[in-house]
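Inspection log for the structure reproduced underneath, given as structure tokens.
The values are calculated or read from the model by the stated rules, or taken from the named source; none is laboratory data. It should be emphasised that the depicted structure is a prediction, and the values quoted were computed from it without experimental measurement. Every residue, glycine as well, gets a Cβ built from its backbone with ideal geometry; the counts of neighbours run over all protein chains shown. These area figures cover heavy atoms from the full protein model, side chains too; ligands, DNA and RNA do not enter into them. Shrake-Rupley method; radii C 1.70, N 1.55, O 1.52, S 1.80 Å.
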Amino acid sequence: MDVRISQPGKPLSRSDRAHSQDWVLEPRYLSRKVIDPLMGWTGSRDTSKQVCLRFSSRENAVAYATRYHLNYVVEEPHKPHILAKSYADNFRYDSVL
């Protein structure tokens, strides 16, 4: 079984950082998705996509995948570039727009 180990980003709808440092181990989806003709919903017969394991560190997730002989791919988290500025910088007369 192929799995992906990643660190998901913070949801846009939340301001806190709960579970933002957790690492997630989830299966890579190999099955085809099917569109239901009546309702238009998308689904598949593969139930492994319902499994999502959380770990406190990357090393724990890799150790779990190694212990159970899972083929894993580690995706490094994207660190956003944050430009620090103060509120007073919005009103500076010499700032360039």
Going through (1) surrounded by 10 or more Cβ atoms within 10 Å (Cβ to Cβ); (2) among the charged types (D, E, K, R); (3) under 14 Å from SER6 (Cβ atoms); (4) at pLDDT below 85 one by one, GLU75 fails only at (4)
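Looking at segment 56-72, which of its residues are outside any loop (DSSP other than H, G, I, E, B), without any contact (Cβ under 8 Å) to a residue 40 or more places away in the chain and open to solvent by less than 90 Å² (accessible area, probe 1.4 Å)? Break it down into steps so the answer makes sense when it comes.
Filtering segment 56-72 down to residues outside any loop (DSSP other than H, G, I, E, B) leaves 58-67, 71-72.
Right, trim to without any contact (Cβ under 8 Å) to a residue 40 or more places away in the chain and you get 59-60, 63-64, 66-67.
Across segment 56-72, the qualifying residues are ASN60, ALA63, TYR64, THR66.
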ILE82 passes all but one of the listed conditions (1) open to solvent by 90 Å² or more (accessible area, probe 1.4 Å); (2) β-branched (Val, Ile, Thr); (3) in contact (Cβ under 8 Å) with a residue 60 or more places away in the chain; the exception is number (3)
